[in-house]
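One structure is given below, encoded as structure tokens.
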Amino acid sequence: MLFNRDKNKSVFDKVNEYLVKKGHELVMSIYLSNYNNNNIYIRFDYIKKLSVYKIVWVDLNFFDEKHIEDFINVQMVTKYLSMKIAEKMMIVEYDNSYSYDDSIIGDRVEILSYFKEEPREYVFDRFLPLEWKQLIDPLAMIFAYLPRSMEVFLNEIFAKFDGTEEKFNYTKPVKFDLFEGDSIKMFRPISIEAGTRLYDAGNVTFLEKVKDKYMAIVEDRGSHLVVLDPVSDGYVLMWCNCKANYYCKHTYAALLALRKKEFKCFYKVKYTGREETLLEKVTIGSFYLCFGVDGDKILLVTEDGAIYPADIIQKGKCVFEVIEDDDDCSLSKILKEYDINNK
Ligand SMILES: [Zn+2]
């Protein structure tokens, strides 16, 4: 969900109102809008009465209008650095063109600067454009006053400058139709080739729509869990729990199976042991997704897309009951064996 500035105008107004009362004059603001699902509002303010600059930041995902003072963080900036930031901002050339990328969902950065008479606005998606290089220094100086945890945003914003944007792009939703059209350019030919081979060999052993995501198990020297998640209209997040993680051969194989509509439901099992809370994190309602058994473990799938092996036998008895099996009752037969062996 995007944090819409217009829709949330009242939040910005409240913050502004509060700061005006404290004698703050806005000189520059940086708004990270739905940036990695975060909404961070950062300001570089001048306090006339004291002739000092301060940096203010608010995490809008955790904001309560009724207790504004508890959610607004203010930090004094040294005179030297204030002058440096002002100096650097003054020489940034104005470029009226926005840098939007419609293959990106969220991850917008809006910079507003009042250093010159005319306010200037710099808006871009995810990465600072190379032609706006002059913004690097002032941004880095301002971020130096923010909590260390916000460095991750800055690293990502500057990714074009150190050539790491591919790394960040891989972990994000992409504009893509899961069901038709060309496969995405992010799959390397070698993954496409190997993925097609896995698919042809019938290695996509499970594929089911679970809530809003498609989950698949692809066998390839071990079981790999692939999640194809249509996060928003026309955008998909795809990943796999193998070492490659993104756009791997397993993901490609699962995509082929999905496009051919070759669904095969996961087994559903119920936990009958007493310590219900033990398995709370793998629950999908009252049952668990399962794709088989390995040794004395039953292989469950967590809702957030991880494989969770659980002990089949607890306190001497089988603690899983099959509530949905395949046509051959494969899982029921296997679990029966465990029951018999333990009696
Ligand atoms: Zn994989």
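Taking only protein heavy atoms and a 1.4 Å probe, the accessible area of the stretch 1-150 is 50% carbon and sulfur.
Think of each Lys and Arg Cβ as +1 and each Asp and Glu Cβ as -1; about the Cα centre, that makes the dipole of the chain roughly 700 debye.
When the accessible area of the stretch 194-257 is computed with all protein chains present and a 1.4 Å probe, what percentage of it is carbon and sulfur? About 46 percent, which is the carbon plus sulfur part of the accessible surface. Toward the positive end of the charge dipole of the chain, with +1 on the Cβ of Lys and Arg and -1 on the Cβ of Asp and Glu, the farthest Cα among Y145, C240, A257 is that of Y145. Under the classification rounded if a/c is under 1.5, otherwise prolate if a/b is larger than b/c and oblate if not, where does the chain fall, given a ≥ b ≥ c as square roots of the Cα gyration tensor eigenvalues? Judged from the Cα gyration tensor, the chain comes out prolate (a/c at least 1.5, a/b above b/c). Protein heavy-atom accessible surface, 1.4 Å probe, per residue over the chain: 54 Å². Per the Cα gyration tensor, the stretch 99-213 maps to an equivalent ellipsoid with semi-axes of 39, 15, 14 Å, ordered largest to smallest.
Ranked by the mean number of other Cβ atoms within 10 Å of their residues, highest first, the peptides 246-257, 47-58 come out as 246-257, 47-58.
Rounded to the nearest whole Hz, the Karplus-based 3J(HN,Hα) values (6.51 cos²θ - 1.76 cosθ + 1.60, θ = phi - 60°) of the stretch 288-301 follow the sequence 10, 7, 9, 10, x, 9, 9, x, 9, 10, 9, 9, 9, 10, with x at glycine and proline. When you restrict to C-alpha pairs under 8 Å that are six or more residues apart and normalise by the size of the chain, the relative contact order lands at 10 percent. Scanning residues 5 or more positions from V123 or on other chains, those with amide H under 5 Å from its amide H are S99, I111, with H placed 1.01 Å from N in the peptide plane. Annotation note: trypsin sites (Lys or Arg not before Pro) in the stretch 162-215 located in DSSP loop regions with a Cβ neighbour count of at most 13 within 10 Å are K185, K211.
The values are calculated or read from the model by the stated rules, or taken from the named source; none is laboratory data. Owing to the predicted nature of the structure, the values given are computational and were not obtained by experimental measurement. FYI the Cβ positions are ideal-geometry reconstructions off the backbone, even for glycines, and counts take in every protein chain you see. Surface areas here come from the heavy atoms of the whole protein model, side chains and all, with no ligands, DNA or RNA. Shrake-Rupley method; radii C 1.70, N 1.55, O 1.52, S 1.80 Å.
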